Amino acid sequence: MNSIIFTAGARILVALLFVFSLFMLLRGHHLPGGGFIGGLLGAVAFIVYSLACGPAEAKSALRVSPEGIAIVGLGIALVAGLVSFLFGDPFFTGQWYWVGGDSYETSLFSLNTVLVFDIGVYLVVLGSILSLAYAFEEET
C-alpha cells in the first residue's frame, strides 16, 4: 500500500501494540492475559506493519525467521516445565523464588517458572501466527 498516512499511522500503532502486547504478557500470571494473548497482539503488530510497508520490509524488520521464534519459544516453555524436576515436583509445577521475603506480601518481587512458561507461549504464538501470515502473503 502506498498511503503515506497509513504508513505513518501504522508505525505509531505498531509501537503501541507491542507495548500493550508486553503489558498483557507480564500481567498474565496474576490477572487475565498472558503469553497467548500477548503473542497474538505482537503478531497483529507485525501484520499491520506488513500491510503498511510491504511484506519484504516487515520480514527484514523481524530479522529472525518466524519458525525460529516459535522453536525457541517451545524450548523456553519446555525448560520452564523441566525446572520442577530439579525440586522433585511433577512436570510443569510452578516454582517460585521470593526475593526479599518469604511470601507474596513480604517480598520485593518473585522469580517464577510461570512467567518463563508465558514467555515461551508468547514466542510460540508470535512465531506461528507470523509464519501463517507470511505463507498467506506468498500465495497471493
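Summary table below
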{"item": "The stretch 68-110, residues that are in contact (Cβ under 8 Å) with a residue 40 or more places away in the chain and in contact with a Ser or Thr (Cβ under 6 Å, 6 or more places away or on another chain)", "result": "ALA70, ALA80"}
{"item": "Only one of LEU26, LEU108, LEU17 that is of a type outside the set (Gly, Ala, Ser) and at pLDDT 90 or above", "result": "LEU17"}
{"item": "Pairs with Cβ under 7 Å, 6+ apart, first in the stretch 116-127 and over 14 Å from ALA80 (Cα atoms), second surrounded by fewer than 24 Cβ atoms within 10 Å (Cβ to Cβ) and aromatic (Phe, Trp, Tyr)", "result": "VAL125/PHE36"}
{"item": "Members of the stretch 42-94 that are surrounded by fewer than 17 Cβ atoms within 10 Å (Cβ to Cβ), of a type in the set (S, T, N, Q) and either part of a helix (DSSP H, G or I) or in contact with an Asp or Glu (Cβ under 8 Å, 6 or more places away or on another chain) (or both)", "result": "SER60, SER84"}
{"item": "Any hit, the stretch 88-106, residues being among the polar types (S, T, N, Q) and over 23 Å from GLY28 (Cα atoms)", "result": "no"}
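The values are calculated or read from the model by the stated rules, or taken from the named source; none is laboratory data. Worth saying up front: this structure is predicted, and the values here are computed from it rather than measured. Positions of Cβ are backbone-derived with ideal geometry, glycine not excepted, and every protein chain shown enters the neighbour counts.
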